Amino acid sequence: MSDAEVTREGLRGVRPGRDATPGTDTAPGTESGRRLRGRAGRRDCTGRRAEQPMVPPAEFASYYGRPILNAPVWRSPDIPGYLFLGGLAGGSSLMAAGAQLTGRPGLARVSKAAAAGAICLGLAGLVADLGRPARLVNMLRVFKVTSPMSVGSWILSGYVPAAGAAAACALTGRLPRAGAAATAGAAVLAPGLASYTAALITDTAVPAWHDGHREMPFVFAGSAAMAAGGFGLLAAPPGESEPARNLALFGIATEAAAFERMMRRMGLAAETYRSGRAGAYIRAGQALSVLGAGGALLGRAGGRRGRAISALGGASLMAASAATRWGIFHAGLASARDPKYTVVPQRERREARRRAQAVTQGQKPAGADEREQAGTHRQETA
């Protein structure tokens, strides 16, 4: 026999059946059961069942709050110094070749000296970071065109002797033909030297570097031209500094345009270039580049005052190029330490691929039916 009792509120004493939810009293005759059926029966304005979300929205968190990527082991000032000095050397070799072809011996001489000195200092920083000079030599055992480090090592192996020979011949005045050949060889390798480091850092998993792989070579090339032009304004004779001024202005425009485009395209990782130590370096570089451009333009007036203004502008441009390289370096370290710059863009790209695949297969993206029904309901009520 059943122990159920009929009351005004419904059946009392009915054992929970198959519709009961474990852990709750949801029998058909109970108050909680009526509330459950009432919620299940309610519908929203689109006619769909208004179900209550049972799982709260997920918040981003990494495993135990630990970084997902291992931060680069490169140290400062060794590696950012090498990035800056390599660009200065490459830009100076190009300017030296142009000055020699156009009959500007003073500009050619200081540019060749700058190229040789910069690459020697840069190699010292690179070897200090590697720990042993033998590690740099070991990179020459193979040539792998898909490896920026391998390509860069071979570029260095050809550029360093050529730049050194060109500078030695220019400073001593001996073997002019050999010096001209060495200058041409250094100029051929100079664009690769100035930009291969951009390919080197973007060929990593570091978000702030990898996500800017399209524009970073242009940023580095513009920064190299700015530094070389700045050194020419600082050290070249006043009557031969016009090519250095033009190269510096070209570098300023190229770096600014490429960097701005990179910031707009990168997305979340661009935050690392606007905050912290990296943001301070980038802002300093931008301010110094504006100051250097003004000095380069005002220095055309000539005279002792114009000479001083050009020198000040040249020093500002070199400092601006260095600040940009340091800012890019520290932005990469910051993005590697914070896991959100790795995971959030990955999720966004995954969802974008899913939407694109759904459109390609003729399926509606998630939520399209709900949006269409909501729009139809608004039109009917209007």
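Among the residues of the range 214-229, is there at least one that is in contact with a Lys or Arg (Cβ under 7 Å, 6 or more places away or on another chain) and assigned to a helix (DSSP H, G or I)?
Yes, that holds for at least one residue.
Checking THR204 against (1) assigned to a helix (DSSP H, G or I); (2) closer than 30 Å to LEU136 by Cα; (3) hydroxyl-bearing (Ser, Thr, Tyr), which single condition isn't satisfied?
Among (1) assigned to a helix (DSSP H, G or I); (2) closer than 30 Å to LEU136 by Cα; (3) hydroxyl-bearing (Ser, Thr, Tyr), the lone unmet condition for THR204 is (1).
Across the range 203-241, what is the total count of residues that are of a type in the set (Val, Ile, Thr) and buried (at least 21 other Cβ atoms within 10 Å of the Cβ)?
2
Considering only residues of the range 114-124 that are closer than 15 Å to LEU193 by Cβ and surrounded by fewer than 21 Cβ atoms within 10 Å (Cβ to Cβ), which is modelled with the lowest pLDDT?
LEU123
Cβ contacts < 6 Å: first residue on the phi < 0 side of the Ramachandran plot and modelled with pLDDT under 85, restricted to the range 348-370; second residue surrounded by 11 or more Cβ atoms within 10 Å (Cβ to Cβ) and not in a loop (DSSP other than H, G, I, E, B), any location; separation 6+ or different chain. Result?
Here the result reads PRO365/ARG355; PRO365/ALA358, each pair linking the range 348-370 to a residue that is surrounded by 11 or more Cβ atoms within 10 Å (Cβ to Cβ) and not in a loop (DSSP other than H, G, I, E, B).
Are there any pairs with C-beta distances below 6 angstrom linking a residue in the range 265-290 that is closer than 11 Å to THR324 by Cα to a residue that is of a type outside the set (A, V, I, L, M, F, W, C), with the two at least 6 apart or on different chains, and if so which?
From the range 265-290, the pairs are ALA278/THR272; ALA278/GLY327; ALA278/HIS330; TYR281/GLY327; ILE282/TYR273; ILE282/GLY327; GLY285/THR324; LEU288/SER316.
Do we find that ALA296 is touching a Lys or Arg at 6+ places or on another chain (Cβ under 9 Å), surrounded by 23 or more Cβ atoms within 10 Å (Cβ to Cβ), assigned to a helix (DSSP H, G or I) and modelled with pLDDT of 95 or more in this structure?
The answer is no for ALA296.
The values are calculated or read from the model by the stated rules, or taken from the named source; none is laboratory data. All figures in this text were calculated on a predicted structure; none of them were measured in a lab. Positions of Cβ are generated from backbone atoms using ideal geometry, with glycine treated the same way; all protein chains shown enter the neighbour counts.
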